[in-house]
Amino acid sequence: MNHKVTFVFSLHNHQPVGNFDHVIEEAYRKAYNPLLEVMEGYPDIPFGLHSSGILWDWLSEKHPEYMELLKRMVRRNQVEILSGGYYEPILSVIPERDRQGQLSMMKKFVDGTFGRSPRGCWLTERIWEPHLPETLAGAGLEYVVVDDSHFKSTGFSSNEMRGYFLTEENGAYIRVFPIDRKLRYLIPFADPEETIRHLRNIFEEEGAGRKVAVLADDGEKFGLWTGTHSLCYERNWLRRFCDLLGNNNEWLEVSTFSRVIDEVSPIGIVYLPTASYGEMMEWALPLRAQERYQAVNDILESDGCVEEPSEMVRGGFWRNFLVKYEESNWMHKRMMHVSSLVENYRNEHGKDDIYTAARNDLYQAQCNCAYWHGLFGGLYLPHLRSAVFTHLIMAERAVEHAQAASDTYLDSLEADIDGDGVTELILSSPVMKAIFKRRGGTLRELDILVPPFNLTDTLTRRKELYHHKLEHLEDGSGIQTGKPMSIHNVLTSKEKDLERYLSYDFHPRSSLLDHFIGSDEGLESFARASYSELGDFLHGDYDIGETGRGKQRRFVLERKGTVSISGRPVPVTLAKHIHMSPSSPALEVKYTIEPEEDGLECIFAVESVFSLLAGDAPDRFFRFNDRELRHANLASSG
């Protein structure tokens with residue numbers, strides 16, 4: 001007789017650093033709390049739960065009653081709490097010291113709050129790289145959960161993954177559970193009976209031994225995603241599902257990861273490539289590759305010979321986001337730079353209060369959500385990017401001020417911050433930081449330190465794969481009200497004529513960009529990036545120089561380039577003379593433009609970009625000394 005099928009049910013709850021309080025409250029009200037209240041009534045159905053530290057902190061402050069209920073459920077062994085990086089970083093792209101620090105921080109919280117040391121780890125976005133066993137085993141963890149697509153890319157079939165495996169790096173071992181993709185798409189979008197049929201099919205598969213099926217997925221699916229609150233709690237999907245799990249206990253049991261490890265031997269050893277879930281690997285591809293990826297998927301799907309085409313066509317690699325989006329790479333490399341500053345401070349001063357505060361800000365700046373873009377806004381959400389920079393500035397400010405020789409200083413440094421092989425000029429004072437790129441001669445980042453804020457945190461406009469779908473959507477269209485659907489299959493046009501806002505830049509958006517444009521070009525063509533650029537200054541490298549001393553100290557960015565006038569190249573030398581105050585938030589830039597011959601008839605335009613968030617907020621507006629504005633809010637133009 002076959003052993004029972006063991007079903008492991010686990011949830012991951014997370015909200016980004018910098019998210020709005022009312023958004024988190026809605027997730028709590030619609031998903032987190034109702035799920036726990038339902039599951040409390042089924043003490044014989046255990047499940048795993050991971051929440052990011054951001055969310056643990058918020059719940060502890062805002063809803064202690066939720067934490068008390070969860071503690072009771074942990075004490076009666078119904079809930080197993082999983083570990084992870086405290087502020088939900090992608091572990092593979094932060095330094096090892098920060099990985100261990102974030103994992104240790106979560107372990108300390110779980111130990112102190114629930115009285116149980118976590119044995120397993122939720123891996124942010126299931127982003128796996130082969131060196132991670134050393135990190136996870138080094139943090140005292142025994143298992144990790146990834147997608148079955150990680151396994152299928154190495155040749156495994158579904159019926160060969162009914163359990164867990166061992167993997168290692170340099171002799172450091174970790175157990176790996178594959179998530180059943182079909183369960184991920186059935187739950188909770190299909191009728192509960194369909195999930196039970198799938199589990200029954202696993203039970204009836206050939207082969208002796210205990211079979212394990214894992215569903216580990218976002219807790220927001222259970223109430224926050226479109227239509228799922230009504231489905232799960234008003235139409236009682238979750239209660240019906242729990243009832244069916246209990247009613248089929250002659251061949252089906254529900255367990256936790258730790259119990260499975262204690263009771264079942266591993267299937268064997270495995271070595272997994274760099275991977276994430278299929279959708280993530282598709283999003284990480286550049287646009288042209290995404291189009292080819294979808295075309296191949298469509299061919300395989302229409303052919304019908306492959307059950308899950310996306311598993312046969314391998315997508316990209318998460319780190320490709322750092323290539324695809326310059327802004328993502330800039331944030332990442334700024335984070336790595338600040339991490340080094342914080343570590344250097346620790347080496348010199350030990351783990352004092354300044355180090356502890358700076359490290360906590362650094363960890364918050366490592367929250368993954370603002371570093372990439374897929375189905376949700378991510379990198380495109382300015383408040384998430386702003387939160388990353390705010391915490392980076394706070395960490396950097398803490399250690400730099402502690403090491404400063406005086407209260408007024410102006411430090412300069414040339415370093416390759418973004419890893420493109422070209423150095424940047426970094427100017428720092430007690431109140432401001434300015435980073436200039438030689439490439440394009442631009443002001444790449446301008447930070448005020450009190451309050452901590454990146455004034456130039458903006459995005460270049462790029463074409464995304466979903467843009468071409470907008471013209472085929474009806475205004476305000478979407479899925480039927482109350483009809484649940486996997487979030488991966490939802491695309492709606494939320495604004496009338498949204499497609500008319502699609503414009504694409506042919507150069508990175510930054511500040512102090514030097515444009516030479518035709519005299520007949522207007523504001524609209526410039527705004528839509530549909531004008532002709534006459535100069536070669538946007539992409540060329542500038543030389544860095546320095547003049548004067550003390551209060552007369554100036555930095556110079558200079559380039560000898562050309563401007564095309566009626567097809568004739570006119571040599572032009574352009575220089576920017578930069579002065580930053582060591583004691584006040586003032587940055588002065590003076591230009592000299594010297595054409596080597598007459599006939600330079602065109603418009604010279606200096607473009608600067610600023611982000612002050614909330615374009616229609618009444619406390620943010622334009623003011624010019626020489627004119628009255630009819631519309632002065634930041635979202636206006638003129």
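Judged by the gyration tensor of its Cα atoms, with axes a ≥ b ≥ c, segment 578-627 is oblate; a/c meets the 1.5 cut and b/c is at least as large as a/b.
The residues of the chain present an accessible area of 45 Å² per residue when probed at 1.4 Å with all protein chains retained. In whole Å, how far is the Cα centre of segment 372-432 from that of segment 258-319? Rounded to whole Å, the Cα centres lie 36 Å apart.
Distance between the C-alpha centres of segment 191-229 and segment 158-188: 14 Å, rounded to the whole angstrom. Taking the DSSP beta bridges with both ends in the chain, the antiparallel portion is around 65 percent.
With Cα atoms defining each centre, segment 556-575 and segment 604-618 are spaced 27 Å apart in the structure.
Per-atom-type breakdown for the chain gives carbon and sulfur 49% of the accessible area (1.4 Å probe, protein chains only).
For segment 362-377, the Karplus equation 6.51 cos²θ - 1.76 cosθ + 1.60, evaluated at θ = phi - 60°, returns couplings of 4, 4, 5, 6, 8, 4, 5, 4, 7, 8, 8, 9, x, 6, 8, x Hz by residue, with Gly and Pro reported as x.
If you take the alpha carbon radius of gyration of segment 233-361 and divide it by 2.2 N^0.38 Å, what ratio comes out, to two decimals?
My calculation over the Cα atoms of segment 233-361 gives 1.70.
Going down the list Lys221/Lys469; Lys4/Lys152; Lys333/Lys576; Lys182/Lys469; Lys71/Lys221; Lys71/Lys333, which pairs span over 29 Å between their C-alpha atoms?
Lys71/Lys333, as the Cα separations exceed 29 Å there.
Axis of helix 64-75 versus longest Cα principal axis of the chain: the two differ by about 40°, to the nearest ten degrees. Assign unit charges at the C-beta atoms only (+1 for Lys and Arg, -1 for Asp and Glu), then state the dipole size of segment 510-638 relative to its Cα centre in Debye, rounded to the nearest 20. Result for segment 510-638 is approximately 680 debye, rounded to the nearest 20. Here the mean projected area of the convex hull built on the C-alpha positions of segment 407-448 is 2.8 nm².
By the gyration tensor of its Cα atoms, with a ≥ b ≥ c the square roots of the eigenvalues, what is the shape of segment 203-283: rounded for a/c under 1.5, prolate for a/b over b/c, or oblate?
oblate
Only helical runs count toward this figure. For the chain, summing -39,500 (n - 2.57) over DSSP H runs of n ≥ 4 and dividing by all residues gives -9500 deg cm²/dmol at 222 nm. Proximity of backbone amide H atoms, modeled 1.01 Å from N, is registered between Glu424 and Ala415, Asp416, Ile417 at under 5 Å, excluding neighbours fewer than 5 places apart on the same chain. To the nearest ten degrees, helix 287-303 and the longest principal axis of the Cα atoms of the chain are 30 degrees apart. A simple count of charges around Tyr143, restricted to other residues whose Cβ falls under 12 Å of its Cβ and scoring Lys, Arg +1 and Asp, Glu -1, yields 0.
Sequence-ordered 3J(HN,Hα) estimates for segment 247-258 from the Karplus curve with 6.51, -1.76 and 1.60 and θ = phi - 60° stand at 6, 10, 6, 6, 10, 10, 10, 10, 9, 10, 4, 5 Hz, glycine and proline given as x. Quick one: angle between helix 382-403 and the longest Cα principal axis of the chain, in degrees between 0 and 90, rounded to 10, please. It is inclined by approximately 70 degrees.
The values are calculated or read from the model by the stated rules, or taken from the named source; none is laboratory data. Computed from a prediction, not measured in an experiment: that's the story for all the values here. Don't worry about glycine lacking a Cβ; one is built from the backbone with ideal geometry, like all the others, and counts go over all protein chains shown. Just so you know, the surface numbers come from the protein's heavy atoms only, side chains and all, with ligands and any DNA or RNA stripped out. Shrake-Rupley method; radii C 1.70, N 1.55, O 1.52, S 1.80 Å.
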